[in-house]
Amino acid sequence: MRNSSPFLALSLLSAFIYTTSCAQHDDKKTSVSSETWEPQPRIITPGNNPGNAPSDALVLFDGANLDQWVSVIDGSAPKWTIKDGVFTVAPGTKDIVTKKEFNDFQLHVEWRSPAEVKADKTGQDRGNSGIFLHGQYEVQVLDSYDNKTYVNGQAGAIYKQHIPLVNASKKPGEWQVYEIIFTAPHFNKEGRVIVPAYVTVIHNGALAINHAAVWGSTENVGFPIYKTYEKGPIRLQDHQSLVSYRNIWIRDL
Ligand code: MG
C-alpha cells in the first residue's frame, strides 16, 4: 500500500489537470480557442482600383520614364519608345531588364498587342513579347485572340511548360492585365534544385496558371534547365512586335 501512494498522487494530479483543462476549454468555447491573434498582417493602403499600386509596391513604370530598366545588351538606357504614358518595344533593340533583382514577388503588368493585325502575322508572329521572371522563366505575352498557335506558347502560358487554364485574351489593341505571383526556387549546396519555382498567373481576372511548378528556364529550343542562383530581375522581351506596356508594379513577398 505504501508503494502505491506515488502512483495515486500522480493519478490524482492527472485527473486534476484534465478536469481543469476541460473546464477552461468549455468556458472559452471552441470557436474562441481556435482563434489566432498574432502575428498581425502588415497594414497597407490598397490602390483605388485593382490596377493601382498598393502603398508598399515598387513602381517599375508609372508612365513617365524607364529609369528602373536597362538594355540587356550593355546596361544602357532602354531604347524602347515612351509616348502618352505607355512604352512600346522598339524592334531590334533587344530585351530590357529591371536594375533591381527580386526573390519572391507579386507582379502587376498591363500590356497591349498592336490593334492592326497584318494578314501575314500569325501564330507566334502576332503581338509576341514576354515577361521573364528572374530573367529566365517566361510568362508568354501574345495576341491569342482568334490566333492559333501551340497551346503551351499562347498568352498566359509558362512558355513550353504550362498551358493556361483558359484563354482570357482581349481583342488586339485592348489593354490586358497579368497578375503574377512567383516564389523562387531553392538549391542545395551541390547546386541541385530542391524546391522548384512556382508561378500563378491571373489573366484579365481569370486564373490561367495555378501555382505551377516551373521545370527550369523556359527555352525556345531544347529542355528547361535549372542553374543555381539567388535573385533575379524582371525582363521584357523584344520579339519584333510592337507590344506596349503600362502600369507595372511589383511587391516583394
Ligand atoms: Mg514571347
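The values are calculated or read from the model by the stated rules, or taken from the named source; none is laboratory data. Quick caveat: nothing in here was measured; it's all calculated off a predicted structure. Here the Cβ positions follow ideal geometry from the backbone for every residue, glycine too, while neighbour counts run over all protein chains shown. These area figures cover heavy atoms from the full protein model, side chains too; ligands, DNA and RNA do not enter into them. Shrake-Rupley method; radii C 1.70, N 1.55, O 1.52, S 1.80 Å.
See the values below:
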{"read-out": "Residues of segment 195-222 satisfying the condition of being part of a loop (DSSP other than H, G, I, E, B) and open to solvent by 90 Å² or more (accessible area, probe 1.4 Å)", "value": "Trp215, Asn220, Val221"}
{"read-out": "Selection from segment 77-95 of residues that are among the polar types (S, T, N, Q), touching a residue at least 40 places away in the same chain (Cβ under 8 Å) and open to solvent by 30 Å² or more (accessible area, probe 1.4 Å)", "value": "Thr93"}
{"read-out": "When residues of segment 106-120 are limited to those that are assigned to a loop (DSSP other than H, G, I, E, B) and touching a residue at least 60 places away in the same chain (Cβ under 8 Å), the one nearest to the ligand (Cβ to nearest atom)", "value": "Ser113"}
{"read-out": "Thr45 vs. criteria assigned to a loop (DSSP other than H, G, I, E, B), within 16 Å of the ligand (Cβ to nearest atom), among the polar types (S, T, N, Q) and surrounded by fewer than 20 Cβ atoms within 10 Å (Cβ to Cβ)", "value": "no"}
{"read-out": "Selection status of Asp67, surrounded by fewer than 20 Cβ atoms within 10 Å (Cβ to Cβ), more than 20 Å from the chain's Cα centre (by Cα) and either in a strand (DSSP E or B) or at pLDDT below 95 (or both)", "value": "no"}
{"read-out": "Every residue from segment 149-168 that is outside any strand (DSSP E or B) and within 14 Å of the ligand (Cβ to nearest atom)", "value": "Thr149, Tyr150, Asn152, Gly153, Gln154, Ala155, Gly156, Ala157, Tyr159, Lys160, Gln161, Pro164"}
{"read-out": "Per-region count, segment 223-253, residues among the hydrophobic types (A, V, I, L, M, F, W, C) and part of a loop (DSSP other than H, G, I, E, B)", "value": "5"}
{"read-out": "Qualifying residue in segment 223-240 (condition: in the same structural domain as Pro78 (by TED's automatic domain parsing), of a type in the set (A, V, I, L, M), out of contact with any strand residue (DSSP E or B) (no Cβ under 7 Å at 6 or more places or on another chain) and surrounded by 20 or more Cβ atoms within 10 Å (Cβ to Cβ))", "value": "no"}
{"read-out": "Filtered residues of segment 156-187 (kept if more than 18 Å from Arg235 (Cβ to Cβ) and open to solvent by less than 10 Å² (accessible area, probe 1.4 Å))", "value": "Gln176"}
{"read-out": "Answer residue from segment 136-148, given it is within 14 Å of the ligand (Cβ to nearest atom) and assigned to a loop (DSSP other than H, G, I, E, B) and is surrounded by the most Cβ atoms within 10 Å (Cβ to Cβ) among those", "value": "Asp143"}
{"read-out": "Set Asp74, Asp27: member being modelled with pLDDT of 85 or more and open to solvent by 90 Å² or more (accessible area, probe 1.4 Å)", "value": "Asp74"}
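For every residue, the table says whether it meets (1) of a type outside the set (S, T, N, Q); (2) surrounded by fewer than 16 Cβ atoms within 10 Å (Cβ to Cβ); (3) under 23 Å from Phe61 (Cβ atoms).
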position	(1), (2), (3)
Thr98	no, no, yes
Phe102	yes, no, yes
Val109	yes, no, yes
Ser129	no, no, yes
His134	yes, no, yes
Tyr150	yes, yes, no
Gln154	no, no, no
Val193	yes, no, no
